[in-house]
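> The structure under discussion is supplied below as structure tokens; questions concerning it will follow.
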DNA sequence: CAAAAACTTGCAACATTATTGCAAATATTG
DNA sequence: CAATATTTGCAATAATGTTGCAAGTTTTTG
């Protein structure tokens, strides 16, 4: 069984062309993708609205997660460690390369715990590191 | 001398109503502000375009910094530790409260260094923690 | 302190990005 | 394979961001 198919079924989603195709993009791509990337790669085979809705569905199901950025865009990346809906194990560091522009999930680098001031209770932590990636060094 | 005036002069910026007002918003506000917040608080006294340009100018001068988010918006916050243009000391942790929605700069909590895989060279690191803030606990 | 120079603002137009309702098409269920 | 449920694409609309330019302000300078 194809991996995309398996993921869709596991999450109780209808199997459609669009979902398979978009999921393949993530599976084939080491880095993270923005909405615009997906439209570009799928060559406008699907309506913009479909892409929005598909991404939202995947986030809801925990198939992909969002990566915070400062440039007014959202990056999406596959959750490698089989997340459940609403309960992401999205605790790894994200790396954005200043040279090639790719965003990479460093799945093996865990976001370190920080000591917060009195009264603050952490629920989740995200970390984005910029610099030069191993391909561009 | 008012603090807003002092900041503008120190950065070699013309002193205008808009800049003083927007800077005051940041000075009066513990948390971070989005473009939309500023339009709301200034009660449309200034054109949208002016707000965009003012924020951009402040970022360029290092007066405010951007905070990464996953919701397709940019948050801005004052740089407490007098940043120079293009050289931010923006190495503190940001906290977003799930209850009141505020974003707070934890100026005293430094982003910890992480060990990256071979070949990755870090330049800057950002960290966003979500949870419950000291007011909402 | 007034005129010149430099800079900032607002407007208008435009571009991009995101959201919603609904009918048609597709997928799943039994 | 028909009935049901879900998904898609289209159209319309909204929200967000950008640019050029003339008019208005601020700063500089003599």
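The values are calculated or read from the model by the stated rules, or taken from the named source; none is laboratory data. Everything numeric in this text was worked out from a predicted model, so none of it was measured. Please note: Cβ atoms are built from the backbone with ideal geometry, for glycine as well, and neighbour counts cover all protein chains shown.
> Just for region B:97-111: of the residues that are within 8 Å of chain A (Cβ to nearest Cβ) and surrounded by 15 or more Cβ atoms within 10 Å (Cβ to Cβ), which one is nearest to the chain's Cα centre (by Cα)?
My answer is B:106.
> Another question, then. Take residue B:117 and decide whether it is within 22 Å of residue A:101 (Cα to Cα) and either surrounded by 16 or more Cβ atoms within 10 Å (Cβ to Cβ) or facing chain A (nearest Cβ under 7 Å) (or both). Don't jump to the end; show me each part of the working.
Values: within 22 Å of residue A:101 (Cα to Cα): yes; either surrounded by 16 or more Cβ atoms within 10 Å (Cβ to Cβ) or facing chain A (nearest Cβ under 7 Å) (or both): yes.
Taking the combined requirement at face value, the residue satisfies it.
> Same structure again: Return the only residue of B:7, B:64 being over 27 Å from residue A:128 (Cα atoms) and more than 12 Å from DNA strand C (Cβ to nearest atom).
Numbers: B:64 fails: over 27 Å from residue A:128 (Cα atoms).
From the options B:7, B:64, the qualifying one is B:7.
> Same structure, new question: What residue, among those in region B:23-40 that are part of a helix (DSSP H, G or I) and more than 14 Å from DNA strand D (Cβ to nearest atom), is farthest from residue B:96 (Cα to Cα)?
Of all residues in region B:23-40, those part of a helix (DSSP H, G or I) come to B:23-28, B:35-40.
The next check asks that each one be more than 14 Å from DNA strand D (Cβ to nearest atom); those that pass are B:24-28.
Numbers: B:24: 22, B:25: 19, B:26: 17, B:27: 19, B:28: 18 Å.
Among them, the one singled out is B:24.
> Take region A:120-137 and flag every residue that is under 17 Å from residue B:118 (Cβ atoms), surrounded by fewer than 20 Cβ atoms within 10 Å (Cβ to Cβ) and facing chain B (nearest Cβ under 7 Å).
If the condition is that a residue be under 17 Å from residue B:118 (Cβ atoms), surrounded by fewer than 20 Cβ atoms within 10 Å (Cβ to Cβ) and facing chain B (nearest Cβ under 7 Å), then A:131, A:132, A:134, A:137 are the ones that fit.
> Test residue B:55 against the criterion of being touching a strand residue (DSSP E or B) at 6+ places or on another chain (Cβ under 7 Å), outside any strand (DSSP E or B) and modelled with pLDDT of 85 or more, and give yes or no.
Details: touching a strand residue (DSSP E or B) at 6+ places or on another chain (Cβ under 7 Å): yes; outside any strand (DSSP E or B): yes; modelled with pLDDT of 85 or more: yes.
When the stated conditions are applied, residue B:55 passes them.
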